[in-house]
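Readers should treat all values here as calculations from the given coordinates under stated rules, not as data from a laboratory. From a predicted model like this one, the values you see are computed outputs, not experimental measurements. Methodologically, a virtual Cβ is constructed for each residue, glycine included, from the backbone with ideal geometry; neighbour enumeration extends over all protein chains shown.
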Amino acid sequence: MLDGKTIAITRSKDDAAEFISLAEENHAKPLPLPTIELVSKGEKIVDEFLESVEKYNPDYSVFMSSKAVKLLFDTAKNVGKLDKLQLSVANTMVMSVGPKTTIALENEGIKVNFQPTTFSSVGVGEEFTQINAVGKKVIVPRSGASTPFLKELLNKIGIDVLEIHLYDVCA
């Protein structure tokens, strides 16, 4: 079906490999054309996260992407604060949006307590509804380009949400 076709892969450089392989397996010619770049907010993200956990005292940590996990934990390793970060996250109940994010967390030594069956913000909201988390506090390390949908959804079901923006998405 894709034999000989040229397929533009517009994912970021880090994400393109999986799609390039799929295109090649289907005898298509992949053409990587990254249209976005993820730009970290720097080393300060680790301290910001740790300070926020200390002040906010969340019941849950929610990770919405493997990118957020990788960026936060890699930065913590680089600044010598991996142990503090691991302990900080482990002292909360951890929710992962889906299997790739769960694997990324487990690779960092973090036990995932919850993963919704629908891998989306809606799925996260459904999971929190099922576990009756009304009145609980949640910290969400994520992209600065994220929509307010998750925060608004969780607020509507009675959950207090603090988002920490780790990176921006640039076109």
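Can you tell me the mean projection area, over all orientations, of the convex hull of segment 12-171's alpha carbons? Units nm², please. Each step should come with its number before you reach the end.
Numbers: hull surface 39.6 nm².
Mean orientational projected area (segment 12-171, Cα hull): 9.9 nm².
Which angle between 0 and 90 degrees, to the nearest 10, do you get for helix 13-25 versus the longest principal axis of the chain when only C-alpha atoms count?
Relative to the chain, helix 13-25 is tipped by roughly 40 degrees.
If the chain between E152 and Q86 were fully stretched, how many nm would it gain, using 0.36 nm times the residue separation less the Cα-Cα distance? Could the numbers behind the result be given before it?
On the way: separation 66, 0.36 × 66 = 23.76 nm, distance 2.75 nm.
Extending this stretch completely gives an extra 21.0 nm.
Please compute the net charge surrounding E25, taking Lys and Arg as +1 and Asp and Glu as -1 over other residues with Cβ under 12 Å from its Cβ.
Values: positive: none; negative: D3, E18, E24.
Here the count lands on -3.
If each of A171 and N26 carries a label point 7 Å out from its Cα toward its Cβ, how far apart are those two points in nm?
2.6
Which whole-Hz ³J(HN,Hα) couplings does segment 105-116 yield from phi under the Karplus relation 6.51 cos²θ - 1.76 cosθ + 1.60, θ = phi - 60°, glycine and proline marked x?
5, 4, 5, 9, x, 9, 7, 8, 8, 9, 9, x
Report, by chain and number, residues whose modeled amide H sits under 5 Å from the one on I7, excluding near sequence neighbours (fewer than 5 apart, same chain).
K29, L31
Counting only other residues whose beta carbon sits under 14 Å from that of I159, what net charge do I get with K and R as +1, D and E as -1?
Details: positive: K136, K137, K151, K156; negative: D59, E126, E127, E152, D160, E163.
Residues close to I159 contribute a combined charge of -2.
Using only DSSP helix segments of four residues or longer, with each worth -39500 (n - 2.57), what per-residue ellipticity at 222 nm results for the chain after dividing by its residue count and rounding to 500?
Details: 7 runs with 75 residues, N = 171.
The helix-only estimate for the chain comes to -13000 deg cm²/dmol at 222 nm.
Once the piece of chain linking L33 and K77 is laid out straight, how much longer is it, given 0.36 nm per residue of separation minus the C-alpha distance between them?
Details: separation 44, 0.36 × 44 = 15.84 nm, distance 3.07 nm.
Extending this stretch completely gives an extra 12.8 nm.
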